[in-house]
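One structure is given here, and the rest of the page talks about it.
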Amino acid sequence: MITFVILLIEMHMAPRFKFSTTLTRLTFGVILMSLLMGVSNKVFSQVSQCKIDALPTIVFQSKSAKLLNSAQTILNTVSEQIKENPLCKIVVASYGANSKDGQQLSWAHVNSVINYFVEKRGIAADRFIFSYGNEGGDPTTVDLRVAAPGEDGPSKVPPPFPGMRTN
């Protein structure tokens, strides 16, 4: 496997890059394989150590981004699960792709949930993936789910329409 990877690199990079000795080739191959194994081990570790099964849906009042007391209670419970699973990333997804108002409110819903986790529950922002304006769901809800292995995205995004206000 190592020899095959080195040959591919030499074919692609030649004549700019050539391994001068067999020892250099072997050293490079070992380093490359170590890096590749480190990446796969990290992904495997994330999957095997993430023990969060199902996460709830958070409901907002129509046309409001204010977290209800019932939603805060749910988020408090969920935050304990998240804290107990430090290798898990959580996708915070909301819906409302059909209009400017819908996109803005969708963004505000996700922003409210992530801010609550970060500011009130002390969870690092980089544990969350910000996903708003999705199609097909209820525009008054935010779905929480465990990110798939290797899934990544921003934990904070600017509002789609900065001048537009939400309640």
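Within the shell of other residues whose beta carbon sits under 12 angstrom from the beta carbon of E151, the net charge comes to +1, with Lys and Arg scored +1 and Asp and Glu -1.
Over all other residues within a Cβ to Cβ distance under 14 Å of N134, the charged ones net out to -2, with Lys and Arg as +1 and Asp and Glu as -1.
For region 100-153, relative contact order (Cα pairs under 8 Å, six or more residues apart, normalised by length) works out to 42 percent. Hand me the GluC sites (Glu not before Pro) from region 71-167 located in a DSSP loop with no more than 15 other Cβ atoms within 10 Å, in residue order please. Listed in order of number, the matching sites are E135, E151.
Excluding same-chain neighbours fewer than eight residues apart, the aspartates and glutamates reachable from K66 by a Cα-Cα span under 19 Å are D101, E119, D138, D143. Net charge in the neighbourhood of G163 (other residues with Cβ under 15 Å of its Cβ; Lys, Arg +1, Asp, Glu -1) is +1.
The relative contact order of region 65-167 comes to 36 percent, based on Cα pairs under 8 Å that sit 6 or more residues apart. Calculated FRET efficiency, A125 to Q49, Cβ-Cβ distance, R0 = 22 Å: about 0.60 to the nearest 0.05.
Here, each number is a calculation from the coordinates, and none is a lab measurement. These numbers come from a predicted model, not from an experiment. Virtual Cβ from ideal backbone geometry, glycine too; neighbours counted across all protein chains shown.
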